[in-house]
Amino acid sequence: ATGLASSLREALAPWTKPLAEHHAAKVLLDLALTLAIGGERASDTDLLRCEPGLFGDVASAPTISRMITTLAQDAPTVIEAISKARRAARERAWALAGDHSPTVGASVKSPLVIDLDATLINVHSEKEQAAPTFKRGFGYHPLCAFLDHGSEGTGEPLAIQLRPGNAGSNTAADHITVTRQALAQLPAGLLARGGRGSKKILIRTDGAGGTKDFLAWLQWQRLAYSVGFTLPASTPDLLERIDEEKAWTPAYDSEDEGIREGTWVAELTGLLDLAAWPAGMRVIVRKERPHPG
């Protein structure tokens, strides 16, 4: 329905031999479906092979392995081709969604939210680029970008940057790269001329994204942002300088804009030295009652 199969077939034609029984596009789709139903390795495509009426002819594990090897020899070009096919399919899916499309109602006040976050994936052998992690594990540390559909929907994966386990948490260059990849997955109409963003798109991440270089890049791209911020050691002294009665106001729940019980916010912007940070950046602090336990 979205045209993903035909888009992938066209994109990956250069890496498929003319008389090949299994097209690279079909192999990749089968691997994606295998992951979706719980598979963990190429041989788990046996799960699809049990239902030929639904999934069609599925390549053998050795054939899949050879295809992956072929694609890996030109990985950057292949990934770019796959990304373009995914973008075309997403644009088609959102168009078919009609009034339920994420773009409907998107505005500066109610922007599309792209969440950035890293995760740790442990492995149990010396796999390629696996490395020790900061939590004393061993494996990978990919950085992910998901479009948040709110409480009534799920997250939609836009981009995932594969990284070794020892990749830094607050590396601005990686945050910029995965944000570029995520923006490239959005319909062209959401972006300004030249591929730059708009205030209809908000980038949200934790304190790992709270770096001067990343925020300066977001501002230059004209993107809205909401990121974690490391407060200075003198914060207790700063809090004593604000009016306890007037400065703190009840916090709102992000979904229905109702007051969030037991939570307050205040602004510290004027009490901090933000000369090295992007102009116009505000620092909002939150206090709430301790959670049980």
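The values are calculated or read from the model by the stated rules, or taken from the named source; none is laboratory data. All values reported here derive from a predicted model rather than from experimental measurement. Here the Cβ is made from the backbone with ideal geometry for all residues, glycine too, and neighbour counts use every protein chain on show. Remember, those area values only see protein heavy atoms, side chains included, never the ligands or the DNA or RNA. Shrake-Rupley method; radii C 1.70, N 1.55, O 1.52, S 1.80 Å.
Observations on the structure shown:
- Here E156 fulfils each of the conditions (1) open to solvent by 20 Å² or more (accessible area, probe 1.4 Å); (2) part of a loop (DSSP other than H, G, I, E, B); (3) in contact with a Leu (Cβ under 9 Å, 6 or more places away or on another chain); (4) not hydrophobic (A, V, I, L, M, F, W, C) apart from (2).
- For the range 139-184, taking the residues that are among the hydroxyl-bearing types (S, T, Y) and out of contact with any strand residue (DSSP E or B) (no Cβ under 7 Å at 6 or more places or on another chain), the one that is modelled with the lowest pLDDT is identified as S151.
- Within the range 113-139, residues that are open to solvent by less than 100 Å² (accessible area, probe 1.4 Å) reach partners that are polar (S, T, N, Q) and part of a strand (DSSP E or B) with beta carbons closer than 6 Å, at six or more positions or on different chains, in the pairs L116/T205; G137/N122; G139/N122.
- Checked against (1) more than 23 Å from the chain's Cα centre (by Cα); (2) at pLDDT 90 or above, L19 meets all criteria but (2).
- Residue check, T77 out of contact with any strand residue (DSSP E or B) (no Cβ under 9 Å at 6 or more places or on another chain), at pLDDT 95 or above, assigned to a helix (DSSP H, G or I) and outside the structural domain of H175 (by the TED database): yes
- Conditions (1) among the β-branched types (V, I, T); (2) open to solvent by less than 30 Å² (accessible area, probe 1.4 Å); (3) in contact (Cβ under 8 Å) with a residue 40 or more places away in the chain: number failed by V58: (3)
- Applying a threshold of 9 Å to beta carbon distances and a minimum spacing of six or more residues, or different chains, the list of pairs starting in the range 255-281 at a residue that is closer than 28 Å to D148 by Cα and at pLDDT below 90 and ending at one that is among the polar types (S, T, N, Q) and assigned to a loop (DSSP other than H, G, I, E, B) reads E255/S151; D256/S151; R260/S254.
- The strands (runs of 3 or more DSSP E) found wholly in the range 174-289 and carrying at least 3 residues that are surrounded by 18 or more Cβ atoms within 10 Å (Cβ to Cβ) occupy 201-205, 224-227.
- Set R86, R41: member being out of contact with any strand residue (DSSP E or B) (no Cβ under 7 Å at 6 or more places or on another chain), charged (D, E, K, R) and surrounded by 18 or more Cβ atoms within 10 Å (Cβ to Cβ): R86
- In this structure, T77 does not satisfy being hydroxyl-bearing (S, T, Y), open to solvent by 40 Å² or more (accessible area, probe 1.4 Å) and in contact (Cβ under 8 Å) with a residue 12 or more places away in the chain.
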